[in-house]
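This report refers to the structure that appears directly beneath it.
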Amino acid sequence: MIVAKLIDTTLCIGCKACEVACQEWNDQEYTMGTFDGSYQTKPELEYNFWNLIKFNEVEKDGATSWLMSKYQCMHCADAGCLAACPAPGAIVPLANGTIDFVHENCIGCGYCITGCPFDVPRLSPTSKKAYKCTLCSDRTAVGLEPACIKTCPTNCLTFGERDELLRMAETRAGELKADGFADAGVYNPQGVGGTNVLYVLKHASEPEQYGLPKDPVIPWTVSLWKGPMKWMGTFMFWGTVLGAFFHFVIYGPQDPEKHGHPADKAEAPPKEPNDKS
Amino acid sequence: MTNPEAEIRIPRFDAYERVMHWMAALSFFYATLTGLALWSPKLYWMATMLGGGYHIRGSHPWVGIVFAVVMGVMARRWAKGMRLDADDRVWLTRMHKYATHDHAALPPSGRFNAGQKMLFWTQLAATLALFLSGFVLWFPEWMPRSLRLLSIAAHPLAAIGSITSILVHVYMGTAAVPHSMRAMLRGYVLPEWARFHHPKWYKTWRASNDV
Ligand code: HEM
Ligand code: SF4
Ligand code: SF4
């Protein structure tokens, strides 16, 4: 069963209880940020801060409004972090759809940061390993819901079977449309095969306004590197090794005795020192 | 009979050049193995062999820096002599003659033949690309995303190019051209070798040495 998290952005009141729950459950120390004139806790995710409520200030019809969104790992079906990671077992896709990071196996290369279309993983400056939301894999493994879901006071967050949540999300989007939000819809980007974090947005055609990328895909340079380039490298390596080997088998080494001299016939060398014959 | 004690030796690479060359080779070899381990989970066993992934993630960039510095030293020493002359340009168009041992059809080479010169320039260009893109990949937290996306494809691409050309180079230096290894290990060659492989170089040597 694939599990998912549904975020109904219309119900978020910005209380940040989920941020606190995440920090507490994962036992992360809070590092002070800078105050930048926003209600948002931090400008971005950090290696020890995996769940960020974004207070997106948007001008709409002459009024400023907050488009709330919860930012964290999306647990993509086609995960760019996983595609980019060279270390076996450092990024593990669980049977329930969670993309889990196993820090013992992480080598700290940071490729997952570049592979992720949502710019989610972060390297710790001390351990030099990559961190992000684990969808509370240590809770879901024993049948508990993730900490953020558990704590949310408004039912903005729901956890459950993905297909079920997708239906709920569509229903909710339908209600919003009926209420006059013609652009309401579900955020479940297909470029990464769909995500296990789903959103209901009032302005679904402009997810950027919520700080979500419009058409996320695994970056093409990453696909090139992990796809055709691997074939090319393998081909060039074995082609050259076999080419050299068979060149030797067919032609053998260069031999001054047999192979005739270059056009400019330089004077023959003396046989022994001071032999000027 | 030629008395080995009395054989004529033409100095080819001095100690500075030999040390420089083998430092490039060793650092390149290490960077290649660790780099391949960082390339693909299938080649990760190379990392296991060399102390584990976490360790090689730390060492690969430093060894890369050593390699880049040595290549800088090599460029200072050899760049001038590696310029292609008119004969070299003709040589390149007849490379197949070289590969099939039809040496009589080739224009004479100087201290380095055109193939060696091309290897040198290829390596130098690849080193520059590897150095710049490698630096970006070293510090993903501090680098803009666009640069990282470029580097993550450019670094392995440059590596494929340089590894392939080094494979050819190693074949030439070990099996295909007998006695060239002596030049790089001991520093000298015999006159017959010089005359066959590098006639113009041999002539200059002859002219300035009374043997
Ligand atoms: C373990 C691998 C290597 C072996 C066995 C090897 C062998 C040799 C030999 C025998 C020569 C002397 C050729 C002559 O006398 O004309 C030579 C020259 C040279 N080597 Fe290497 N080499 C190796 C790796 C490298 C690497 C990694 C680089 C640079 C990235 C390099 C760059 C050069 C250059 C530029 C020259 C002078 C031009 C030439 O001979 O092509 N070599 N090498
Ligand atoms: S959002 Fe990023 S880190 Fe999370 S699964 Fe997708 S690619 Fe990986
Ligand atoms: S930093 Fe860790 S998890 Fe990320 S790609 Fe590298 S080894 Fe994989």
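In table form, for the structure just shown:
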item	result
Rough spin-label spacing in nm, given labels placed 7 Å along Cα→Cβ, for A:Lys258 and A:Tyr39	8.6 nm
Per-pair calculated FRET efficiency, R0 = 51 Å: B:Ser59 and B:Thr204 via Cβ, rounded to 0.05	0.75
Per-residue SASA entry for A:His247, accessible area with 1.4 Å probe, Å² rounded to 10	40 Å²
Set of lysines with alpha-carbon distance to B:Lys117 below 28 Å, sequence-local pairs under 8 removed	A:Lys258, A:Lys265, B:Lys80, B:Lys97, B:Lys200, B:Lys203
Cβ-derived FRET efficiency at R0 51 Å, A:Glu206 paired with B:Val90, nearest 0.05	0.20
Inter-label distance, nm, simple model (7 Å from Cα along the C-beta direction), B:Met181/A:Val92	4.7 nm
Kirkwood Rh in Å, taken over segment B:90-211 so that all alpha-carbon pairs contribute	17.0 Å
Given charges at beta-carbon only (K, R positive; D, E negative), |dipole| of the protein assembly as shown in Debye	1900 debye
At least 15 Å along the helix axis (C-alpha) and Kyte average at least -1.0, DSSP helices within chain A	A:162-178, A:228-251
Label point 7 Å beyond Cα of A:Phe246 along Cβ direction - residues of segment B:145-177 with amide nitrogen under 11 Å	none
Mean separation of Cα contacts under 8 Å, 6 or more apart, over the residue count of segment B:9-209: relative contact order %	28 percent
Inter-probe distance in nm under a simple model that places probes 7 Å from Cα toward Cβ, at A:Phe181 and B:Arg145	2.5 nm
DSSP-assigned coil residues among chymotrypsin sites (Phe, Trp or Tyr not before Pro) in segment B:142-211, each with at most 13 further Cβ atoms within 10 Å	B:Trp142
Within segment B:92-153, trypsin sites (Lys or Arg not before Pro) in DSSP loop having at most 15 other beta-carbon neighbours inside 10 Å	B:Arg94
Using a Förster distance of 25 Å, the FRET efficiency for A:Cys15-A:Asn48 (Cβ separation, nearest 0.05)	0.75
Peptide-level mean, for A:27-33, of C-beta atoms on other protein chains within 10 Å	0
B:Met181 accessible area, assembled protein chains, probe 1.4 Å, Å²	70 Å²
Probe 1.4 Å, all protein chains present, accessible-area order of B:Ser208, A:Ser127, largest first	B:Ser208, A:Ser127
Contact surface A-B: accessible area buried, both sides summed, square angstrom, 1.4 angstrom probe	5300 Å²
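The values are calculated or read from the model by the stated rules, or taken from the named source; none is laboratory data. Computed from a prediction, not measured in an experiment: that's the story for all the values here. Note that we place each Cβ from the backbone using ideal geometry, even for glycine, and neighbour counts take in every protein chain shown. SASA here: full protein model, heavy atoms, side chains in, ligands and nucleic acids out. Shrake-Rupley method; radii C 1.70, N 1.55, O 1.52, S 1.80 Å.
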